[in-house]
Amino acid sequence: MRPLLFALLLTLAPALAEAAAPTVAILYFDYQGKSEEMQMLKKGLAQMLISDLSGSDKYQIVERDRLQEIIDELKLGRSKSIDKKTAAKIGKLLGARYMVLGGYFDVMGMLRLDARVVEVETGKVLKSVGSHGAPDTFMDLEQKLSAELATILDTQLEATKAPPKRKRTKRAKKLPMKTALTYSKALDAKDRGDKKAAKQHLKEVVKAQPDFSLAQLDLTQLMQ
């Protein structure tokens, strides 16, 4: 019996280790402007951050589909912002130890993204980061933000001297704001169950930005 038990433990060890890794949830950022179109950007931004931060061996990132399920269950689909109490509730429902919250706004031809890493149980803000620039440098702004968030999480989880292993989705060199918004519209259509509209928007994104593999992956999944 002991050899069999030992063999079983060896088989389950990787899964147990993965389950032990703390969970991080990236919530939709609050838009602090007046444009209805820009309000939609929160979904594309969240998906891109999730893609960038996934693959670490130090923590697990909640998939955006799961976040959307909770948003729908709590009937927060039309909410333009989420207060601290509700954010904490979402984090707990997702089983997260940490949350990434934030906001963005556009003014005078500039775009600013701000994020903070929060401990779900205590509500303590561990650190805040931000980036700003022209709207058409959206890709650079998002990449800067994701890199800083990764550093915060790795430090908080006492990462070893060797950099954590990450599997990043190949990213486009640049992503114009117009294309980023179309991608966000595709995700919103998917969330509403409108696969036809989602496919159409994704096809537009892929045509305009062939090297944006995240959109290509979403389109492939919808076509199956």
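The values are calculated or read from the model by the stated rules, or taken from the named source; none is laboratory data. Since the structure is predicted, the reported quantities are computational estimates derived from the model, not experimental observations. Every residue, glycine as well, gets a Cβ built from its backbone with ideal geometry; the counts of neighbours run over all protein chains shown.
Cβ contacts < 8 Å: first residue within 24 Å of Tyr98 (Cα to Cα) and in contact (Cβ under 8 Å) with a residue 60 or more places away in the chain, restricted to segment 124-142; second residue among the charged types (D, E, K, R) and in a helix (DSSP H, G or I), any location; separation 6+ or different chain. Result?
What qualifies is Glu142/Asp52.
Working only within segment 101-155, note down all residues that are touching a Ser or Thr at 6+ places or on another chain (Cβ under 6 Å) and closer than 23 Å to Leu214 by Cβ. Outline the logic, then answer.
Step one: filter segment 101-155 for residues touching a Ser or Thr at 6+ places or on another chain (Cβ under 6 Å), giving 113, 116, 141, 144-145.
If the condition is that a residue be touching a Ser or Thr at 6+ places or on another chain (Cβ under 6 Å) and closer than 23 Å to Leu214 by Cβ, then Leu113, Leu141, Lys144, Leu145 are the ones that fit.
Mind checking which pairs have a first residue in segment 46-59 that is not assigned by TED's automatic domain parsing to the domain that holds Asp154 and a second that is crowded, with 18+ Cβ neighbours inside 10 Å and part of a helix (DSSP H, G or I), Cβ under 9 Å, 6 or more apart or different chains?
none
In segment 72-110, which residues are under 23 Å from Leu149 (Cα atoms) and in a helix (DSSP H, G or I)?
Passing the criteria: Lys84, Lys85, Thr86, Ala87, Ala88, Lys89, Ile90, Gly91, Lys92, Leu93.
Starting from residues that are in contact with a strand residue (DSSP E or B) (Cβ under 6 Å, 6 or more places away or on another chain) and buried (at least 18 other Cβ atoms within 10 Å of the Cβ), keep the ones in segment 55-86 and report whichever is nearest to Gln39 (Cα to Cα).
First, pick out the residues of segment 55-86 that are in contact with a strand residue (DSSP E or B) (Cβ under 6 Å, 6 or more places away or on another chain): 59-62, 81.
Now drop any that are not buried (at least 18 other Cβ atoms within 10 Å of the Cβ), which leaves 59-62.
On the way: Tyr59: 29, Gln60: 27, Ile61: 23, Val62: 22 Å.
Among those that are in contact with a strand residue (DSSP E or B) (Cβ under 6 Å, 6 or more places away or on another chain) and buried (at least 18 other Cβ atoms within 10 Å of the Cβ), it is Val62.
In segment 117-129, is there at least one residue being touching an Asp or Glu at 6+ places or on another chain (Cβ under 8 Å), at pLDDT 95 or above, more than 20 Å from Lys185 (Cα to Cα) and not aliphatic (A, V, I, L, M)?
Within segment 117-129, one or more residues are touching an Asp or Glu at 6+ places or on another chain (Cβ under 8 Å), at pLDDT 95 or above, more than 20 Å from Lys185 (Cα to Cα) and not aliphatic (A, V, I, L, M).
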